[in-house]
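Colleague: Starting off with a structure, shown below.
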Amino acid sequence: MSEIINIDYYVQNLFSVPIHYLSIDDFDSNKEELIDYAYYLRDNDERGRIASNCGGYQSQPFTVNGGDVLQDLLINVISNIPSFRNNVDVICDSWVNINPPLSFNVKHCHPNCDIAGVLWIKIPKNSGDIVFYSPYNFISYNEMICYTREFQEKGKYFNDYEFPAREGNLLLFPSHLEHKVKQNNSDEDRISVSFNLKLIDNN
Ligand SMILES: [Fe+2]
């Protein structure tokens, strides 16, 4: 039996992964126009492209320069993220996702950019939340599962973590962070917009 001793115990989490969570005020005033925008793209490019989408439509990517409801909204939101320095320029490429019932997105990351993001436009109940995988999922798998639930919760030290998708909200996250979108188990389309940000540091 081990001897009981008094110890001071302290844990500091050192390297974190920032998930930027934004909520757009008055999103409902733009929602229908954004839904029409997504279907317009699909109707004019029905094949779209295949990437992480299984059963869903993904549009060809386009560079965001402003001039329509979606691009203006993205520029507005991205230029108001308080964590970026003023002298950082951003190049944004975006695409639209329409996931019909039973479709989903397999685990992937977004190479060749710095930050990835998603804007949720139409999210019926049970249409699929987003699941992130820890960058340490492989190398620290056994370590992580041996911690108490309380310790995992406190340090957000999980193998994976499910984030609820909510209409009118955006998530931005480091582009290396692997993620998937769960199956759409509703009987309606789930519509979102994804985007990649390249950050240019002007010092
Ligand atoms: Fe993604």
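The values are calculated or read from the model by the stated rules, or taken from the named source; none is laboratory data. Since the model is a prediction, treat every value here as computed from it, not as a measurement. So basically every Cβ, Gly included, is an ideal-geometry build from the backbone, and we count neighbours across all protein chains shown. With ligands, DNA and RNA removed, areas are computed over all heavy atoms of the protein, side chains included. Shrake-Rupley method; radii C 1.70, N 1.55, O 1.52, S 1.80 Å.
Colleague: With every protein chain present, what accessible area does Tyr40 have (1.4 Å probe, heavy atoms only), rounded to the nearest 10 Å²?
Modeller: We get 150 Å² for Tyr40.
Colleague: Then there is this: Return the loop-located GluC sites (Glu not before Pro) in region 21-56 (DSSP other than H, G, I, E, B) with at most 11 other Cβ atoms within 10 Å of their own Cβ; answer none if there are none.
Modeller: Glu46
Colleague: Report the per residue volume, in Å³, of the convex hull enclosing the C-alpha atoms of the chain.
Modeller: 169 Å³
Colleague: Taking square-rooted eigenvalues a ≥ b ≥ c of the alpha carbon gyration tensor, is region 28-138 rounded, prolate or oblate, where a/c under 1.5 means rounded and, failing that, a/b exceeding b/c means prolate?
Modeller: Cα axes put region 28-138 in the oblate bin.
Colleague: Ignoring trypsin sites (Lys or Arg not before Pro) that are buried or in helix or strand per DSSP, and keeping those with at most 12 other beta carbon atoms within 10 Å, what is the longest stretch of the chain between them?
Modeller: 157-203
Colleague: Run the reach check for Lys154 against lysines, Cα to Cα strictly under 29 Å, same-chain hits fewer than 8 apart removed. What comes back?
Modeller: Output for Lys154: Lys107, Lys125, Lys180, Lys182.
Colleague: Place a +1 charge on the Cβ of each Lys and Arg in the chain and a -1 charge on the Cβ of each Asp and Glu, then give the dipole magnitude about the Cα centre in debye, rounded to the nearest 20. Let's see the in-between values first.
Modeller: Working: 16 positive and 28 negative charges, 95 e Å.
So the magnitude is around 460 debye.
Colleague: Can you find, among Tyr141, Tyr10, Phe62, the residue farthest towards the positive end of the dipole of the chain? Put +1 on the C-beta of Lys and Arg, -1 on that of Asp and Glu.
Modeller: Tyr141
Colleague: Looking at the chain as a GNM with Cα springs under 10 Å, which of Pro111, Pro124, Pro101 has the largest mean-square fluctuation?
Modeller: Result for the chain, Cα springs under 10 Å: Pro111 fluctuates most.
Colleague: Determine the calculated [θ] at 222 nm for the chain from helices alone, applying -39500 (n - 2.57) to every DSSP H run no shorter than 4 residues and normalising by the residue count; nearest 500 deg cm²/dmol.
Modeller: Values: 4 runs with 38 residues, N = 203.
When only DSSP H runs of four or more count, the value is -5500 deg cm²/dmol.
Colleague: If I build a Gaussian network model for the chain, linking alpha-carbon pairs within less than 10 angstrom, which residue out of Leu14, Leu172, Leu70 has the largest mean-square fluctuation?
Modeller: Among Leu14, Leu172, Leu70, the largest mean-square fluctuation in the Gaussian network model of the chain belongs to Leu14.
Colleague: Could you give the distance between the Cα centres of region 141-203 and region 57-114, to the whole Å?
Modeller: For region 141-203 versus region 57-114, the Cα centre distance is 15 Å.
Colleague: Treating only the Cβ atoms of Lys and Arg (+1) and Asp and Glu (-1) as charged, compute the dipole magnitude of region 63-178 about its Cα centre; round to the nearest 20 debye.
Modeller: 220 debye
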